[in-house]
Every structure is written in C-alpha cells, then in structure tokens.
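Q: This is the structure I want to talk about, given as structure tokens.
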Amino acid sequence: MPQITIKMYEGRTDAQKNEIVEVFTKELSRIIDREPEFITIEFNEIPIDDQAPANLKNKR
C-alpha cells in the first residue's frame, strides 16, 4: 500500500494532476516493483498566499 502525499498550492488543472498521478504511479511501481493498482496518490492543496509562485498568484 504505497501512498504518496503531495502538498502544493491550489490552482493546478485536473489535467496536470492526472499527469502527476500517472507519472508518479508508473515510476514508483517500476522502482519498488509493485503493481500500480496498489499505489495511491493524495493531493493536499493549500490556499494561495504571499509565498506562492507568481504564475499561481496571477490566477486569483
């Protein structure tokens, strides 16, 4: 039951998050020799604040 938790600022698209899930799952599966269906990925999105990158602040 490998689980990856990703903490990042809100504002990424579903397509971006789907790509993250696809790539991280594939690579972790390869590295640890575990079937992809047993790997879970969770996103903890935090509100945009003064420390957020400019490209995300501009989306407000």
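The values are calculated or read from the model by the stated rules, or taken from the named source; none is laboratory data. Note that the structure is predicted; figures quoted are calculated from it, not measured. Cβ atoms come from the backbone with ideal geometry, glycine included; neighbour counts cover every protein chain shown.
Q: Determine which member of the set 38, 43, 24 is at pLDDT 95 or above and touching a Pro at 6+ places or on another chain (Cβ under 9 Å).
A: 38
Q: If you don't mind, another one. I need a count of the residues in segment 42-60 that are hydrophobic (A, V, I, L, M, F, W, C) and either surrounded by 14 or more Cβ atoms within 10 Å (Cβ to Cβ) or touching a residue at least 60 places away in the same chain (Cβ under 8 Å) (or both).
A: 4
Q: Then there's this: Within the set of pairs 6+ apart or on separate chains, which have a first residue in segment 19-41 that is within 16 Å of residue 5 (Cβ to Cβ), a second that is assigned to a helix (DSSP H, G or I) and among the small types (Gly, Ala, Ser), and C-beta atoms under 8 Å apart?
A: Once the first residue is within 16 Å of residue 5 (Cβ to Cβ) and sits in segment 19-41, its partners that are assigned to a helix (DSSP H, G or I) and among the small types (Gly, Ala, Ser) give 39/29.
Q: Next question. Tell me which residues, restricted to segment 6-43, are farther than 18 Å from residue 56 by Cα and assigned to a loop (DSSP other than H, G, I, E, B).
A: 33, 34, 35, 39
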